[in-house]
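The block underneath contains the structure these notes are about, expressed in structure tokens.
The values are calculated or read from the model by the stated rules, or taken from the named source; none is laboratory data. Since the structure is predicted, the reported quantities are computational estimates derived from the model, not experimental observations. Counting neighbours? That spans all protein chains shown, and the Cβs are built from the backbone with ideal geometry, glycine included. These accessible areas exclude ligands, DNA and RNA; they are computed on the full protein's heavy atoms, side chains included. Shrake-Rupley method; radii C 1.70, N 1.55, O 1.52, S 1.80 Å.
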Amino acid sequence: MSESKSDFTLSAEDITKTYSTESGSVKVLENVNLQLSKGDFVTISGPSGCGKSTLLMVLGTLQEPDSGNLKYNDISPYRLNQSDRASFRSLNIGFVFQDFNLVPYLDVKENIMCPGILNSSVDLESRSSELLQMLGLTDRTNHYPDQLSSGEKQRTALARALLLRPRIIFADEPTGNLDHDNGRIVLDCLADYAKSGGSVMMATHDRAAFSSGNKHMEFNEGEIIESKSE
């Protein structure tokens, strides 16, 4: 991509997503419109099942919407073929999930380095060492996921998401399985990333986490019912 991170804008227009179930169709996203720019830390709150996770998956190019348009600057990722979209996603998007999604047979450092395997432009050793130190994981470098606490697993997952310095990080309930101290480490790191010029969008039930962002959205039944900035 030719644009710098400082030019980054995500724009979603009239995004709609419907799932088919045995009892019929369920509309999960209903004409969602939003914009995300450099430095934004957007938090999304709403009841379980209201579409928050689906929204992050669609914006993160993992689930194609039924209708609407998603653009990262002048690129529409859902108009790319599957291979090009995967390449676009690996270079521009990081994910942090509540259940960590670590590879069980890789140690901490190997898990962190996963997104960079096909990116020779990044000094993976240097970058992973930087993240291990930043997130307090240097003494866990060669440990496997089943040897880690929940907090250590989430910090490993966060380091993995940060490895290639993506334009945007999507975080889905990243503090849901963490105690207060580990949750605060994750939230502070996400906030610092936004302040440094990245962008973050986080879905959360945690009211304390909700207040960490500089923009807030209330989501319900597939729609943004309130949006405000600080």
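Worth pointing out:
- Whole-percent carbon and sulfur share, accessible surface of segment 43-189, 1.4 Å: 46 percent
- Sum of side-chain charges, Asp123 neighbourhood, beta-carbon under 15 Å (Lys, Arg +1; Asp, Glu -1): +1
- For Thr141, net neighbour charge (Lys/Arg +1, Asp/Glu -1) across residues whose Cβ lies under 9 Å away: 0
- Per-residue surface analysis assigns Asp99 an accessible area of about 100 Å², computed on protein heavy atoms at 1.4 Å probe radius.
- Nonlocal amide H pairs with Gly94, under 5 Å, H built at 1.01 Å: Ile168, Ile169, Phe170
- For Val58, solvent-accessible area (1.4 Å; no DNA, RNA or ligand), Å²: 0 Å²
- In plain terms, the chain from Ile75 to Glu230 could stretch by 52.9 nm, reckoned as 0.36 nm per residue minus the Cα-Cα distance.
- Computed from the C-beta positions of Val26 and His205, the FRET efficiency with R₀ = 30 Å rounds to 0.90.
- 23 Å Cα-Cα reach of Lys38 towards lysines, excluding residues that sit fewer than 8 places from it in its own chain: Lys5, Lys52, Lys71, Lys195, Lys215, Lys228
- Placing Cys50, Cys114 in order of accessible area, with the largest value first and a 1.4 Å probe, yields Cys114, Cys50.
- Separation of segment 1-73 and segment 134-209, taken as the distance between their Cα centroids, equals 21 angstrom.
- Take every Cα pair under 8 Å whose residues are at least 6 apart in sequence, average their separation, divide by the length of the chain, and the relative contact order is 30 percent.
- Taking other residues whose beta carbon is less than 11 angstrom from the beta carbon of Asn220, and scoring Lys, Arg as +1 and Asp, Glu as -1, yields -4.
- A prolate overall shape is assigned to segment 157-204, the ratio a/c of its alpha-carbon gyration tensor axes (a ≥ b ≥ c) being 1.5 or greater and a/b exceeding b/c.
- Annotation: extensible slack from Tyr105 through Asp14 equals 28.7 nm (criterion: 0.36 nm per residue apart, minus Cα-Cα distance).
- Where GluC sites (Glu not before Pro) fall in DSSP loop in segment 9-79, at most 10 other Cβ within 10 Å: Glu22
- At the residue level, Leu124 shows approximately 30 square angstrom of accessible surface with a 1.4 angstrom probe and all protein chains present.
- Taken per residue, the accessible surface of the chain reaches 48 Å², heavy atoms only and a 1.4 Å probe.
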